[in-house]
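Read-outs: derived from the displayed coordinates by stated rules, not from any lab. These figures come from a predicted structure and were not determined experimentally. Here Cβ is always computed from backbone atoms with ideal geometry, including for glycine, and neighbour counts include all displayed protein chains.
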Amino acid sequence: MASGGGLVSRQSETLLRVASVKQQSQINPFVNATPRPGIVEWTKMILLLPLALVRVVLALTLLLVGALFAYPSLWGYQPGPDANLPAPLSCWRKALFFPMRVATRGVLFCLGFMYIRVKGHKAPATEAPLLLPNHVGFVEPLFLMCRFGVSHVAKADTKKTPLMGALATAALQVFVRRAADDQPTPGDGTVSARDAAAAIAARANNMGANGYPTLCLYPEATTGNGRCLINFKTGAFRPGCPVQPCIIRLPCAPSTPHPPLRSRPNELVLC
């Protein structure tokens with residue numbers, strides 16, 4: 001009986017370990033588990049390569065069109081000495097921001113995101129200064145900017161990126177240097193990692209008075225596979241102001257940026 005009980009116990013422990021490994025692999029937020037493309041997928045990629053090149057060229061062209069409106073909107077703009085709270089854009093500069101949003105949506109369309117369904121309603125910036133979505137990839141920053149005109153908390157290197165840097169600056173994004181010992185140069189429009197929380201709080205607390213756009217933060221501070229959430233950072237909650245959570249769902253098909261016709265469409269759920 002003892003040996004039989006020991007055998008059953010060892011088998012149970014083995015099964016528990018296997019179940020634990022399977023469970024961890026299923027909830028791993030950094031593993032996409034995308035199957036390898038088969039013959040059909042490879043055939044589609046080869047035959048549709050000319051179309052893919054056309055779409056990339058169109059996306060770059062639309063990005064250039066958006067930048068052509070971004071650069072004039074920044075002519076003569078003086079953000080002021082306070083990097084945590086730059087001067088808001090005037091009315092004519094905000095008018096030039098609308099074509100940028102249209103061009104950004106065109107970029108997403110060319111990249112395969114032809115339709116993104118939105119559930120719920122975005123709260124005004126005066127009611128919920130901070131918007132908190134999950135971070136899946138490059139899609140949600142572009143879509144949230146073109147659909148709602150929000151600003152983002154982005155890394156400082158984005159400011160130096162050609163074309164995208166002008167769009168991000170025109171959107172009054174908060175540019176943060178990642179390294180704690182990397183101090184910004186006065187007047188370069190960036191803040192240090194230590195001052196990021198103060199910049200977020202200053203923007204959130206002055207949202208209604210100065211007409212700043214809603215500030216979007218990704219509380220996970222990294223990208224995941226969209227199947228689960230990881231621990232939130234505290235920066236979005238330190239100001240103590242109302243926040244609006246939202247969920248990004250991208251049920252993409254393998255090797256294609258857009259889902260097949262019979263699957264669920266891409267979704268943005270505002271809570």
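Worth pointing out:
- In this simple spin-label approximation, residue 84 and residue 102 carry label points 7 Å from Cα along the Cα→Cβ vector, and these lie 3.9 nm apart.
- Applying 0.36 nm per residue to the separation of residue 92 and residue 75 and subtracting their alpha-carbon distance, the gain on full extension is 5.0 nm.
- Full-extension gain in nm, residue 46 to residue 178, via 0.36 nm per residue minus C-alpha separation: 43.6 nm
- Burial ordering of 167, 268, fewest other beta-carbon atoms within 10 Å first: 268, 167
- Prolate/oblate/rounded call for region 47-142, Cα gyration tensor, a/c under 1.5 rounded: oblate
- Relative contact order (percent, whole number), region 47-270, Cα cutoff 8 Å, 6+ residue spacing: 27 percent
- Sites matching chymotrypsin sites (Phe, Trp or Tyr not before Pro) across region 111-184 that sit in DSSP coil, with at most 13 neighbouring C-beta atoms within 10 Å: 115, 138
- Residue list for region 117-158, given a label point 7 angstrom along the Cα-to-Cβ vector of residue 229 and an amide N cut-off under 13 Å: 132-135
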